[in-house]
Amino acid sequence: MTQTTARDEHVEHELEAGFDAVLARHDRIEPRDWMPEGYRKTLVRQVAQHAHSEIIGMQPEGNWLTRAPSLRRKAILLAKVQDEAGHGLYLYSAAETLGASRADLTEKLISGAQKYSSIFNYPTLSYADVGTIGWLVDGAAICNQVPLCRTSYGPYGRAMIRICKEESFHQRQGYELLMTMMRGTPEQREMVQESVNRFWWPALMMFGPPDDESPNTAQSMAWGIKRDTNDELRQKFVDMSVPQAQRLGVTFPDPELRWNAERGHHDFGQPDWEEFAAVVRGEGPCNAQRLAHRRRAHEEGAWVREAASAFARRQASEVRA
Ligand code: FAQ
């Protein structure tokens, strides 16, 4: 071994020890800190997938913007969909602090090289779906994201704090919409139940595969990127949703769902994991439509990006002059 290699190895060792010490203290890793390449890559993967989900996630509800049943519902829905765009932008910015570029991540999304959440590949067939997405999809997102406020990477955790506050409003508006419909006609109540039946299982899939089939969980937990496993969060979501469903007057389409006094949790059935795998592979009901829409919006927005870059270049040259 040459002297330089030995010294490099020693430095690397020290850096790694410093990184481990930060994690052990439950402190934050910041963009300029040394980090193992695997940690950086895992974060870029998760944060990019999260950002893409927020952006693609505008489409299912956006579908109902022009058909909202009242001005009030339209104002609420517009605000919610715009919030999702904002979440996408905070998250792309967090990914940029790791050396990724937003343009490159967008290319990877529209070429299908990077994933986004399976949930957004299901259609929204009635206005009740707007309420169900708020209640169950944002509810699942909150369950998953509140622990991420304590994730070990500073910019991601800080983005999560604001995102969670906004997701809470999203969940409340969804629940309030469904409650209003449940107080309406028998047809409206049926619409709510039908919508809940379609979204329950896909909402459970949002937490990812079962722990024993999750290739990333163990390492992500060791690095403090994830604070809970997929199954732990899924259980938390089920326990949280059951009393809310009872209050609302709807049921979940799971014959195995029941309280287990010994465990202090609800037992529940397994989602169809083959369906999950197919949706993640791009074979869900709306995958092609969602990506085609995003691709078209990206192409049609090219002139805005060019104009913004030209403006930024001119401003920079004026400052230099
Ligand atoms: N869909 O080893 P794991 C929202 C992939 S935001 C598609 O367990 P990991 C707000 C996973 O990437 C919703 N793919 O992976 C909103 C991995 O593939 P890879 C998004 C999935 O990362 C509401 C492979 O399977 N939230 O809803 C899914 O440790 C309403 C193996 O899985 C986030 O992204 C899935 N459901 O755990 C917006 C939260 N699950 O990359 C609009 C942050 C897993 O190895 C309207 N992310 N995969 O090829 C996370 O917490 C984690 O990334 C998990 C997955 C828990 C999603």
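The values are calculated or read from the model by the stated rules, or taken from the named source; none is laboratory data. Note that the coordinates shown come from a computational prediction; the quantities given were computed from them, not determined experimentally. Glycine also receives a Cβ, built like all others from the backbone with ideal geometry; neighbour counts cover every protein chain displayed. Ligands, DNA and RNA are stripped out before the accessible areas are found, and what is left, the full protein with its side chains, is counted by its heavy atoms. Shrake-Rupley method; radii C 1.70, N 1.55, O 1.52, S 1.80 Å.
Yes/no per residue for (1) outside any helix (DSSP H, G or I); (2) at pLDDT 95 or above; (3) within 14 Å of the ligand (Cβ to nearest atom):
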site	(1), (2), (3)
134	no, yes, yes
142	no, yes, yes
178	no, yes, no
208	yes, yes, yes
212	no, yes, yes
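Restricting attention to the stretch 90-109, the residues being in contact with a Phe, Trp or Tyr (Cβ under 9 Å, 6 or more places away or on another chain), part of a helix (DSSP H, G or I) and under 25 Å from residue 165 (Cβ atoms) number 5.
Name the residue that is most open to solvent (accessible area, probe 1.4 Å), counting only residues in the stretch 228-274 that are among the small types (Gly, Ala, Ser) and under 27 Å from residue 149 (Cβ atoms). Among those that are among the small types (Gly, Ala, Ser) and under 27 Å from residue 149 (Cβ atoms), it is 264. For the stretch 51-63, the set of residues classified as open to solvent by less than 30 Å² (accessible area, probe 1.4 Å) and either closer than 17 Å to residue 145 by Cβ or more than 11 Å from the ligand (Cβ to nearest atom) (or both) consists of 51, 52, 53, 54, 55, 56, 57, listed by residue number. Would you check if residue 21 is open to solvent by 30 Å² or more (accessible area, probe 1.4 Å), out of contact with any Cys (no Cβ under 7 Å at 6 or more places or on another chain), farther than 14 Å from residue 225 by Cα and within 16 Å of the ligand (Cβ to nearest atom)? When the stated conditions are applied, residue 21 does not pass them.
Using the structure shown, decide if residue 129 is assigned to a helix (DSSP H, G or I) and away from the ligand (no atom under 12 Å from the Cβ). No; evaluated as a whole, the condition is false for this residue. So residue 76 clears everything in (1) open to solvent by less than 50 Å² (accessible area, probe 1.4 Å); (2) part of a helix (DSSP H, G or I); (3) in contact with a helix residue (DSSP H, G or I) (Cβ under 7 Å, 6 or more places away or on another chain); (4) closer than 24 Å to residue 156 by Cβ except one condition, right? Which one? Unmet for residue 76, out of (1) open to solvent by less than 50 Å² (accessible area, probe 1.4 Å); (2) part of a helix (DSSP H, G or I); (3) in contact with a helix residue (DSSP H, G or I) (Cβ under 7 Å, 6 or more places away or on another chain); (4) closer than 24 Å to residue 156 by Cβ: (4). Name the residue, out of 102, 45, that is open to solvent by 60 Å² or more (accessible area, probe 1.4 Å), under 25 Å from residue 216 (Cβ atoms) and within 13 Å of the ligand (Cβ to nearest atom). The conditions single out 45. Within the stretch 145-161, the set of residues being over 14 Å from the mean Cα position of the chain (by Cα) and open to solvent by 10 Å² or more (accessible area, probe 1.4 Å) comprises 150, 155, 158.
In the condition set (1) of a type outside the set (D, E, K, R); (2) in a helix (DSSP H, G or I); (3) in contact with a helix residue (DSSP H, G or I) (Cβ under 8 Å, 6 or more places away or on another chain), residue 82 is compliant with all but (3). Residues that are touching a Leu at 6+ places or on another chain (Cβ under 9 Å) and near the ligand (Cβ under 10 Å from one of its atoms) within the stretch 221-232 comprise 225, 226, 227, listed in sequence order. Filtered by the rule that a residue be within 11 Å of the ligand (Cβ to nearest atom) and assigned to a helix (DSSP H, G or I), the stretch 110-126 gives 118, 119, 120, 121.
Selection of the stretch 1-50 for residues being of a type in the set (A, V, I, L, M) and under 30 Å from residue 117 (Cα atoms) yields 23, 29, 35, 43, 44, 47, 48.
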